[in-house]
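The values are calculated or read from the model by the stated rules, or taken from the named source; none is laboratory data. Everything numeric here is computed off the predicted structure, so don't read it as measured data. Note that we place each Cβ from the backbone using ideal geometry, even for glycine, and neighbour counts take in every protein chain shown.
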Amino acid sequence: MFNYTDPHFYKSIFEAFMIITFASSKGGVGKSTTCAAVACALALGGARVLVIDLDQNRTLGRWSKRAAIDRLTVSAIATETFGTYFRDAEASGDYDHICIDLPGTREVTLFKALARSDLVIIPAQASEPDLREALVVVSDIRDVGETTNRKIPYRLLLTKIFPLRTGVTDYAYAELERKGMPLFRTALVERVAYREMFLNGQPPTIFEPGKGAGAEITALVNEIHAIAEQPESELRKAG
Ligand SMILES: Nc1ncnc2c1ncn2[C@@H]1O[C@H](COP(=O)(O)OP(=O)(O)O)[C@@H](O)[C@H]1O
Ligand SMILES: [Mg+2]
């Protein structure tokens, strides 16, 4: 279906300028990890990517000092400067995509970022409390969508799942289906490569290309692409 060994692969499929926000009202679910991995995959594929780190812990700001990836810019900024910073970045024409990494709290930057998003990715572990938190973000997305008079597409992403399918994972899938929650088919398994990324700076698509975490991130980026390609009306329905 896709060829992740072709360096031009992502570039060729990803024409639309996209603002992708990683959100959840819970910490430790994999927002920063997924944001960094996806941003790297896009940059490695040829896109100019800006990551805006809005978490005052500056997880990605620190990570970027270890990771030197061509075409990838990471900016950790103070929350109160977000509006101006974002407007300037968007208007500059310097970037093909902007990825926003949010803190795990419900604060004003969450709402500001949601309002500007073309896609919101909500990482959640396959557990009852995580799924409950994910629903809180979904209702925030709907609120912001109503206020700004547009539907904001979003998808849940199961993260840190056990490699073998367990009762917990089955529960999560059943619950999500029952609630009609849009979900990425790709789920991120609990893997060392995701932790290594913060130690050695290497994203999964470099650390283990085409397998394990690398293959997961490639599959995820392909799903994001499919969302970006949907006609406007379909995107709106997805929201
Ligand atoms: N799929 C995964 N497999 C293994 N470890 C992971 C995975 N996703 C995240 N982690 C680890 O879990 C911790 C929290 O992840 P992080 O991305 O910082 O979450 P958040 O940004 O939502 O707070 C980090 O130590 C990270 O390395
Ligand atoms: Mg984080």
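Some observations on this one:
- The stretch 68-110, subset among the β-branched types (Val, Ile, Thr) and under 17 Å from the mean Cα position of the chain (by Cα), residue modelled with the lowest pLDDT: 105
- Residues satisfying the stated conditions in the stretch 2-28, i.e. at pLDDT 95 or above and within 13 Å of ligand 1 (Cβ to nearest atom): 21, 22, 23
- Residue check for residue 16: in a helix (DSSP H, G or I) and either within 23 Å of residue 196 (Cα to Cα) or of a type in the set (A, V, I, L, M) (or both): no
- The stretch 111-225 holds helices (runs of 4 or more DSSP H) entirely within its bounds, and those carrying 3 or more residues that are more than 20 Å from the chain's Cα centre (by Cα) map to 128-148, 167-178.
- Index of the failed condition, residue 149 passing every other in (1) at pLDDT below 90; (2) surrounded by fewer than 18 Cβ atoms within 10 Å (Cβ to Cβ); (3) on the phi > 0 side of the Ramachandran plot: (1)
- Condition broken by residue 43, with the remaining ones in (1) part of a helix (DSSP H, G or I); (2) within 16 Å of ligand 2 (Cβ to nearest atom); (3) in contact with a Leu (Cβ under 8 Å, 6 or more places away or on another chain) satisfied: (2)
- Subset of the stretch 46-92 (residues that are within 16 Å of ligand 1 (Cβ to nearest atom), among the β-branched types (Val, Ile, Thr) and in a strand (DSSP E or B)): 51, 52, 74
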